Amino acid sequence: MINSRKQESVQRGNAFFPIQYYLIDTSNPLYNLPLHWHLEFELIHIIQGNYTIFIGNCEQILHQDDICFITSGILHGDGKDVEKCTYESVVFDPDMLRLKNYSPDEFITRMIDRKIYTDVVITPDEKNKDFLSTVNSLYSIMKNKPDGYELFTTGFLLQFLGLIKQKKCYFEKQPESSTGRKLRTDQLKAVLNLVQTNYNNPLSLEQMAETAGLSPKYFCRVFREMTHHTPVEYLNLYRVNCACDKLRNTDDPIIDVAYGCGFNDFSYFIKMFKRYKGMTPFKYRNYDESRHAANIPKVS
């Protein structure tokens, strides 16, 4: 049986107002957004540049002023090629918009339960100018936090969902052609779960393929088709990202960080780190973050 219950487990905001604003600069060496999923909704707005995002089961390129709306349980993260881009996002618990069983709850509940599916990317054309205006107002309120900003934030989020409903930016039934893709996504989630919970232990291709319920050869093909990485490449990338977290937040010797993140060969760790981060672990640890202002989202 495939266990795909692994999800991102990060507190957004606080228990009374579960929403978090992020301003992201992808050129910051501290930045990374591995494939993950969460029960919260997420709203992304591209400020400058282009951003390739893996979402659902394919990659999409987001351009300046594009809006990307991600609902519960959708697999997403960086695409294969991450260009220089600045974007902002809010991640929020949709329950904060519930109105004690009044009419708006039905639409939100159907979205959470995947009974309706929204358009993932909203482009800034004449038809959608109301979306951009609403999102800009939302981000402005969240950045400046004037008195009463919680009420304004909730209002702008409800207005955004109202525009989705008004402009019919949703559909009632998942396309039949995506059924096979959904199975593959569930299989991929199961493998990501395995990597995320066992990255510091030896992991073989055969173990990952068995978790997906596929033969190793077919698993490699499916994994690469969906992520543009081989399973081993993804495992190394995930281990490097975990090493980055330890380098930033602990004083552990670099060799201990390497072994603690699943690398059993220190020279190979250095090679992989330089491949994915463009610098040595020592330089990364001493990197002056103030040169690149960015609120890096943490994914666990």
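I'd like the residue in segment 195-213 that is aliphatic (A, V, I, L, M) and touching a Leu at 6+ places or on another chain (Cβ under 7 Å) and, out of all such residues, is most open to solvent (accessible area, probe 1.4 Å). Out of the qualifying residues, it is L203. So in segment 214-257, with the set limited to residues that are assigned to a helix (DSSP H, G or I) and of a type in the set (S, T, N, Q), which one is surrounded by the fewest Cβ atoms within 10 Å (Cβ to Cβ)? Among them, the one singled out is N249.
Residue by residue, here is whether (1) outside any helix (DSSP H, G or I); (2) closer than 30 Å to G213 by Cβ; (3) at pLDDT 90 or above holds:
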| position | (1), (2), (3) |
| --- | --- |
| M142 | no, no, yes |
| D147 | yes, no, yes |
| F152 | no, no, yes |
| L157 | no, no, yes |
| L161 | no, no, yes |
| K165 | no, no, yes |
| R181 | no, yes, no |
| R184 | no, yes, no |
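For segment 258-269, the set of residues classified as part of a helix (DSSP H, G or I) and either in contact with a Pro (Cβ under 7 Å, 6 or more places away or on another chain) or open to solvent by 50 Å² or more (accessible area, probe 1.4 Å) (or both) consists of Y259, F266, S267, Y268, listed by residue number. Those strands (runs of 3 or more DSSP E) of segment 42-131 in which 2 or more residues are open to solvent by less than 40 Å² (accessible area, probe 1.4 Å) and in contact (Cβ under 8 Å) with a residue 60 or more places away in the chain occupy 51-55, 67-70, 85-92. Is it true that some residue in segment 4-19 is touching a strand residue (DSSP E or B) at 6+ places or on another chain (Cβ under 9 Å), open to solvent by less than 20 Å² (accessible area, probe 1.4 Å) and at pLDDT 90 or above? Checked against the condition, which is being touching a strand residue (DSSP E or B) at 6+ places or on another chain (Cβ under 9 Å), open to solvent by less than 20 Å² (accessible area, probe 1.4 Å) and at pLDDT 90 or above, segment 4-19 yields at least one hit.
The values are calculated or read from the model by the stated rules, or taken from the named source; none is laboratory data. Not measured: the values here are computed from a predicted model. Ideal geometry is used to build each Cβ from the backbone, glycine not excepted, and the neighbour counts take in all protein chains shown. Surface accessibility is based on the protein's heavy atoms, side chains included, excluding ligands, DNA and RNA. Shrake-Rupley method; radii C 1.70, N 1.55, O 1.52, S 1.80 Å.
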